[in-house]
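I have placed the structure first, in the form of structure tokens, so that the comments after it can refer back to it.
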Amino acid sequence: MKILITAGPTHEPIDPVRFIGNHSSGKMGIAIAEEFAKEENEVLLIKGATSLSPVNPAIKQVKVQTAAEMFDACTQYFSWADVIVFAAAVADYTPRFPSATKIKKKEDEFSIELVKTKDIAQELGKEKRDNQVVVGFALETNDEEQNSREKLKKKNFDFIVLNSMRDEGAGFQGDTNKITIIDREGNVTNFDLKNKTEVAKDIVDYTNKILIQKK
């Protein structure tokens, strides 16, 4: 199969030195890419602004920095893929007028005008084919399951992987994660806290189950 995975954060430039970003390391997305590659799938990783890289040399990479670049790359390869996993932490907003030169510290207060970035998963979800499997992620701090169900429907996912910031050992940067998978049939599967490599296997196994159901 052909697998498209996004991973890592995006960095939205304020000036040549500064950016708006988040704490995503890309570890989860990269682990999923490694797991799919183990099954001898053709894997393409669209990787945001992280220094981490997959170990498996068979994994092809497209490196991007901004949300706009990630949108363009995903748009280019979406129809190519049988499975798409949106694991990247894409910025929701970007500076409207990034400065071409470093902004000097002068005023006591400084404001930046932000504009919403394109919602990659939502836009491409409109183009999803019946035989494609699309997987999304939700990192929530409250009303986790309700927010995830709404996101799943809105973005036309086959299932969504929920992380709660209230679960110790879950979320960005660490080597572990604790997930709940919610699918479009309403099934909810809770998993224990595991190493991200093991979590990646759970996600790949669930994806394969959905693929079998679609055949």
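Summary of computed values
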{"read-out": "Residue pairs, from the table Lys2/Lys178; Lys155/Lys215; Lys60/Lys194; Lys126/Lys209; Lys27/Lys215; Lys116/Lys214, whose Cα atoms sit over 29 Å apart", "value": "Lys27/Lys215; Lys116/Lys214"}
{"read-out": "Highest to lowest packing among 32-43, 90-101, 105-116, scored as the average C-beta count within 10 Å", "value": "32-43, 90-101, 105-116"}
{"read-out": "Charge tally in the Cβ shell below 12 Å around Met70, where Lys, Arg are +1 and Asp, Glu are -1, Met70 excluded", "value": "-2"}
{"read-out": "Alpha-carbon centroids, segment 15-49 and segment 100-127: separation in whole Å", "value": "21"}
{"read-out": "Whole-Hz couplings from phi, Karplus 6.51/-1.76/1.60, listed for segment 97-111; x for Gly and Pro", "value": "10, x, 7, 6, 10, 4, 7, 7, 7, 10, 6, 5, 10, 9, 10"}
{"read-out": "Neighbourhood charge, 11 Å Cβ-Cβ cut-off, centred on Val90 and excluding it, Lys, Arg +1 and Asp, Glu -1", "value": "-3"}
{"read-out": "Relative contact order (percent, whole number), the chain, Cα cutoff 8 Å, 6+ residue spacing", "value": "20"}
{"read-out": "Gain in span if fully extended, Ala58 to Phe191, counting 0.36 nm per residue against the direct Cα distance", "value": "45.0 nm"}
{"read-out": "Three-way shape label, segment 51-197, alpha-carbon gyration tensor, a/c 1.5", "value": "prolate"}
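Readers should treat all values here as calculations from the given coordinates under stated rules, not as data from a laboratory. A quick note: this is a predicted structure, and the numbers were derived from the prediction, not measured. Neighbour counts run over all protein chains shown; Cβ positions are idealised from the backbone, glycine included.
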